[in-house]
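The values are calculated or read from the model by the stated rules, or taken from the named source; none is laboratory data. These numbers come from a predicted model, not from an experiment. Because the Cβ atoms are built from the backbone with ideal geometry, glycine has one as well, and the counts that use them run over all protein chains shown. Each accessible area value is taken on the protein alone, full model and side chains, heavy atoms only, with ligands, DNA and RNA left out. Shrake-Rupley method; radii C 1.70, N 1.55, O 1.52, S 1.80 Å.
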Amino acid sequence: MSATTPAVAPDVHPAAGRRVPPSSRAHLVLRLVLLVALAAGAVQSATQPAQRTADQLAAALAAGEVATLTIERPTVPTGGELGVAWTGDGRPGRATYRYDSMSDTPVDEGRRLLAAAAASPRDVEVRQVEELASASSPTWQLYLALGVLVALPLTLFAGPEPRLATRWAWFWLVVHAWPAALAYVALEPTPVWDRRGLAAPERRLTAGWAFLIGLLVGPPLLRALTGA
């Protein structure tokens, strides 16, 4: 190995039945911090408004699924995409609609949405604002995500040997569906609540199978989490 090659812990399979010791105190603290950060990220992803289209909003209004509607309505000539947000049955949503009051052929899709709200079988509370509140994450959450991106690979490739799957198996699972990192941090090398150690299984999930599982399960899992 050259002097410039980074040191990565060897991916050696623990002998079946051999006792796998729990994490050291320092490693356990790191796992708990990562677990809290990842859980917070999952909750945020699951509760953020889902990105929808104006047509989907119109259909939800016609079906009586919308309770409140907040729509951007400019007071000065402008053009472009304006925002609209709503709550009601299911997950809150956000969308954009076309608006152009400066061209020779004005466009205002917002009128169609307001008409759909007025005609909805449900009493829709409509608020017109000049600008919607930002849906972007606060700065501290961006720093937290950056910290997770740095600490998680270090834990995976330089930490104790995983018990249930190889390092590269966990890598592919996390790449395809980042919530799998919750399972890795909570369960490897032994569950965070275990302080005695557990016997190594006869077989572990390998990288090839993990790649296929992630490829099949990852996209629908992320769509369900983000409401896409």
Probe 1.4 Å, protein heavy atoms only - accessible area per residue of the chain in square angstrom | 59
Express in nm, to one decimal, how much length is gained between Ala119 and Ala59 on full extension, taking 0.36 nm for each residue of separation and deducting their alpha carbon distance.
-> 20.4 nm
Specify the angular offset, from 0 to 90 degrees and rounded to the nearest 10, of the alpha carbon long axis of helix 207-226 from the longest principal axis of the alpha carbons in the chain.
-> 30
Over the chain, calculate the relative contact order: mean separation of alpha carbon pairs under 8 Å at least 6 apart, over the residue count, as a percent.
-> 30
Residue farthest toward the positive end of the dipole of segment 89-191, with Cβ of Lys/Arg at +1 and Asp/Glu at -1: which of Ala158, Pro106, Trp178?
-> Ala158
Note the angle between two axes, namely the Cα long axis of helix 167-176 and the longest principal axis of the Cα atoms of the chain, as a number of degrees from 0 to 90, rounded to the nearest 10.
-> 0
Please quote Rg/Rh for the chain to two decimal places, taking the Kirkwood radius as Rh and restricting both calculations to Cα atoms.
-> 1.15
For segment 89-199, what % of the accessible area comes from carbon and sulfur atoms, probe 1.4 Å?
-> 60
Yeah, segment 173-228 with a ≥ b ≥ c from its alpha-carbon gyration tensor (a/c under 1.5 is rounded, else prolate when a/b outruns b/c, oblate otherwise) is oblate
Helix-only [θ]222 nm of the chain, DSSP H runs n ≥ 4, -39500 (n - 2.57) each, per residue, nearest 500 = -14500 deg cm²/dmol
Rounded to the nearest 10 Å², the accessible area of Phe211 using a 1.4 Å probe with every protein chain kept is 70
Segment 50-134 - convex hull of alpha carbons, volume per residue in Å³ = 85
How would you order 164-176, 94-106 from highest to lowest mean count of nearby Cβ atoms within 10 Å?
-> 164-176, 94-106
Answer in debye to the nearest 20: the dipole magnitude of the chain about its Cα centre, from +1 Lys/Arg and -1 Asp/Glu charges placed on Cβ, is 1300
Rank these residues by their accessible area, most exposed first, probe 1.4 Å: Leu30, Leu154.
-> Leu154, Leu30
Given GluC sites (Glu not before Pro), DSSP loops and at most 11 other Cβ atoms within 10 Å, the longest exposed-site-free stretch of the chain is 1-129
The chain: angle of helix 139-158 to the longest principal axis, Cα-based, in degrees nearest 10 | 30
Cα convex hull of segment 113-192, projected area averaged across orientations, nm² | 9.6
Determine how large the accessible area of Leu215 is when every protein chain is in place; take a 1.4 Å probe and give Å² rounded to the nearest 10.
-> 90
